[in-house]
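**Q** Handing you a structure now.
What follows draws every value from the coordinates through simple rules; no lab data is involved. All of these numbers come straight from a predicted model, not from anything done at the bench. Cβ coordinates were reconstructed from backbone atoms using ideal geometry, including for glycine residues, and neighbour counts include every protein chain displayed.
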Amino acid sequence: MTIARFAATVAIATTSAIASFVAPLPAAAATEYAAEPRHGIAMFSVLKYGPDFEQFDYVNAQAPKGGTLTLEAGGAFDNFNPYILRGTPAAGLSLLESNLIFESLLERSEDEPFAKYGRLAKTVEVPEDRSWIAFNLDPNARFHDGMPVTAEDVVWSFNTLVEKGSPLYASYWGDVQEVRATDERRVLFIFKTNENKELPLILGQLPVLPKHFWDGRDFAEPLTEPPVGSGPYKIESFEFGRRIAYERVEDYWGADIPVNRGRYNIDRIVYEVFRDREVATEAFKAGAFDFRAENSAKRWATAYEFPALEAGMVVKEEIPNNASGGLQGFVFNLRKPIFQDRVVREALGYAFDFEWTNQTLMYGAYSRTNSFFTNTGLASSGLPGPEELALLEPLRDQLPPEVFTEPYSAPVSDGSGSDRRNLRTALKLLRDAGWSLQDGVMTKGDLKLEFEILMSQASSERLVLPFIDNLEKIGVRATPRLIDPVQYQNRLRDFDFDMTTAGFGQSTSPGNEQWEYWGSPLADRPGSRNIMGIKNPAIDALIRHIVAAGSREELAVATRALDRALLWNHYVIPQFHSDNFRLVYWNKFEHPAVSPAFGLGFASTWWVNADKAAAVRAYQGKR
């Protein structure tokens, strides 16, 4: 899962070619841009599944269809187009790859580091040097209104997303020089360079939208009517801001293709909107929705000891989480003058007492995060070895000296909640950087260390308020600010915050999405995921090494080098992560015996057991 190399990102929106919809290639070019069709493509490894595979190993092809799944949604929605900045998209619609309604060209296998197989595209053609890719669409692919999915739809989707969609897409596919439909079902993407070995795979994530549906509609505006897609579900009913229900498409064209067999087993998926997680917890216990992946250690430990659990009607289950953990932390907005000094950011990190927080507030359920690439096998550790140094040495003058001399480790406290040693270290760092206490506030010239910590969930206060108390002890005035989720997202899009908590998910095969997270060209582009505003030429150089990696070994070296540079620049105060999925659900579901290695696979691989569902309904009706 990655974003296109940024060699020409500054001019992306105008340099991505607009293809004519059906443009047969000249004879010479047709020969040049032709390769043996294949059923899938992997980043570095050999494909696990052969051309005749029938299903993924982590599904049950005999799973029964039927039943209803009701889930919680964390905020109101007003838009069915998830691909633009305006509006808040409905739950069930994701930005990239396949979602309930819209499908992508290829489907990712969840038990390989980075491999994709045909979905809307039956086969792909890729040369050895990966300088282009062609997708051959499945002739059976249909939109919900019966219209065929054509190469014209693919070209239109690509151009529209780059021109009118979120800035993510312009950066994601910025290395595409030309896209054209060579016939009704074949689409050719030609690249500006063959250095980006990942680009063929990330083009497989392109969501294909029906051009005919959007005729006469403004793609840049929120969509308030149910869209037409090609996926396994369509919208059954909705009430903006409150609920949305999807129904499984009975004649779904792709129900029996290999990547879908045994998946999408539930007839109806309903999302009920809850603005507060604590209110939602009580609603779950009352039977208002069916399933939760619990992210609060306190709730996990204390909230679910209730009669339905004792009666066996509710299940609490922990499943090992082998998916990448990425990093979650307190994020600095570097656009604010007070946070532009690395030493200041380092000092503030000493005020967060993870050990006390973990034991007192989170029941010892978490581990401290010390990498941006947790649980990927790509996290930095120890001192850089010779291969990393080959990348880092040319950048020595642009990197913190600790990158070369110290293994990174977030501050460790005595667990008291107010470790005097750590607070003294913070004070010394601030004073060495020219700050001093004036009227009880750290001050430097016209600057005062005063800022706001933005939150969208009331439960976040448990973590934020003790941190604020420790900051006050070193003369730093932080103020908590709780706002509703929609306003929160709007402020993050506009970079209108001082500090917040954010997560940066990573795949097992990092690549071009690193530009979106930390690349200089996107630091000032509203809606980008570089919410911190990083503009660092050394970081940019290391991202280029990741993108150009020609092997898994080269990728690992470049990723670890980038990890060190990000950590020692103290762009975030790392928080914590868990090694398990913590699930609580009404006992109406079953799941395959084998879980995917790099995910949970809940909504797409589990199914409803009709007898269990009847027992749950009877139990809920008696209360």
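**Q** What is segment 114-185 by shape, rounded, prolate or oblate, if you read a ≥ b ≥ c off the alpha carbon gyration tensor as root eigenvalues and call it rounded for a/c under 1.5, prolate for a/b larger than b/c, and oblate otherwise?
**A** oblate
**Q** Amide H of Ala73 versus every other amide H placed in the peptide plane: which residues, excluding those fewer than 5 positions away on the same chain, fall under 5 Å?
**A** Those lying under 5 Å, H to H, from Ala73 are Glu272, Val273, Phe274.
**Q** Using only the Cα atoms of the chain, each taken as one equal point scatterer with no solvent, compute I(q) by the Debye sum, divide by I(0), and report log10 of the ratio at q = 0.10, 0.11, 0.12 Å⁻¹.
**A** These q points yield log10 I(q)/I(0) values of -0.97, -1.17, -1.38.
**Q** Taking the Cβ-Cβ separation of Val441 and Ala618 as r and a Förster radius of 56 Å, what is the calculated FRET efficiency to the nearest 0.05?
**A** That pair, Val441 with Ala618, gives E of 0.35.
**Q** In addition: Would you please give the residues with an amide H less than 5 Å from that of Thr500, counting only those at least 5 places away or on a separate chain, with H modeled from the backbone geometry?
**A** Val331, Leu454
**Q** Once you keep just the Cα pairs under 8 angstrom separated by 6 or more residues, what percentage relative contact order results for segment 298-421? Walk me through the numbers on the way to the answer.
**A** On the way: 87 pairs, mean separation 39.6, N = 124.
Relative contact order, segment 298-421: 32 percent.
**Q** Counting pairs of Cα atoms in segment 164-231, how many percent are more than 20 Å apart? Write down the numbers at each step before the final one.
**A** Numbers: 969 of 2278 pairs.
Within segment 164-231, distances greater than 20 Å cover 43 percent of Cα pairs.
**Q** Whole angstrom only: what separates the Cα centroid of segment 75-153 from the Cα centroid of segment 436-460?
**A** Distance between centres, Cα-based: 44 Å.
**Q** Ok, one more. So how do Lys588, Lys316, Lys535 line up by other beta-carbon neighbours within 10 Å, fewest first?
**A** Numbers: Lys588 23, Lys316 13, Lys535 17.
Final ranking by Cβ density, sparse to dense: Lys316, Lys535, Lys588.
**Q** Here is a follow-up. Which semi-axis lengths, in whole Å and largest first, follow from the square roots of five times the eigenvalues of the Cα gyration tensor of segment 311-359?
**A** Values: eigenvalues 272, 43, 22 Å².
Equivalent ellipsoid semi-axes, largest first: 37, 15, 11 Å.
**Q** Under 17 Å Cα-Cα from Lys122, which aspartates and glutamates qualify once same-chain neighbours fewer than 8 residues away are excluded?
**A** The reachable aspartates and glutamates, counting only those whose Cα sits under 17 Å from Lys122, are Glu36, Asp52, Glu54, Glu97, Glu103, Glu107, Asp138, Glu152, Asp153, Asp183, Glu184, Asp256.
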